[in-house]
Every structure is written in C-alpha cells, then in structure tokens.
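To keep things clear, I will list the structure first and then write my remarks on it.
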Amino acid sequence: MSNLATLKPFLKGDDPRRNTTGLNKGSGWLKNELTEALHKIAEGSDNPYYVLLVKKMLVMAIKNGNEQIIRLIWNYLEGMPLQRTDITSGDKPIYLPSEVIKKNEPNNTPSDPETSGDRQTPIQSS
C-alpha cells in the first residue's frame, strides 16, 4: 500500500499518471478467450466446440437426468423466479424529499409526505 503522506491528487488536464488509452494492448479477458476457443472447429468434427458443448449439456440433462444441468438450462431460458427483497417498507413506496436537505443544517429533516403536501417522488421497491 502507498504511503498516505506522499499521495498526490491527479492534476487537472494532462497528467502522465492517468491512463487515457484504456486497457493495455494485448491484454485479454477470460470471457473473450473462452468465446474464441469455443468458436474453433473441434478436431475430428465438423462442428465448433460450442455446438459440441450444447449437445453434451443436452445429453447430460435429458439422457442422464442431471438435475443441475436441467436447472442451469431452465434458468438460462426462463430466468430465475422473482424474489421479493423488500424488508423495510412493507410494499409501500419510499418517499424522497423534493428539496435537497443540507447535511449540516440543524433541524432540517424531511417532512411526512402524507401530512405536509410536499411534492415527493416515490421509489417503488422491487
């Protein structure tokens, strides 16, 4: 870890420490490497590896009855079932104040939207 006493913020404009070109040339992501490998034609076959992979998964799911593969395929096709994660508002909207409340101002708290008449935006919980 760097010494916090010697750290300096970036300069405005051009700073030689800032990477403006993005990812270094030649560096790759695992996903890209796997995708490229799956598109190659398999030895002794007319099909690329991704076709053979799908066929293998279907054999494992249907012929062998592998429940994990069945679940994986089902989830990719249909998606996971909706899981409610609302544990705080009881399925009621959460209201945000329409005005910005300054952090350090005393006695500046948001008012109740049902009694004050303030225009506030509800956030629908998912």
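The values are calculated or read from the model by the stated rules, or taken from the named source; none is laboratory data. Remember, predicted model here, so these are calculated numbers, not experimental data. We place every Cβ from the backbone using ideal geometry, glycine too, and count neighbours over all the protein chains shown.
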Query raised in the report: Is it the case that the range 19-29 has a residue that's closer than 30 Å to LYS8 by Cβ, among the aliphatic types (A, V, I, L, M) and at pLDDT 70 or above?
Result: yes
Report task. Could you grab me the full set of residues in the range 41-92 that are under 23 Å from the mean Cα position of the chain (by Cα) and hydrophobic (A, V, I, L, M, F, W, C)? Result -> LEU72, ILE73, TRP74, LEU77, MET80, LEU82, ILE87
Query raised in the report: When residues of the range 65-96 are filtered for being surrounded by 10 or more Cβ atoms within 10 Å (Cβ to Cβ) and assigned to a loop (DSSP other than H, G, I, E, B), how many remain?
Result: 5
Query raised in the report: Does THR21 satisfy being free of Cβ contacts under 8 Å to residues at least 40 places away in the same chain and over 25 Å from the mean Cα position of the chain (by Cα)?
Result: no
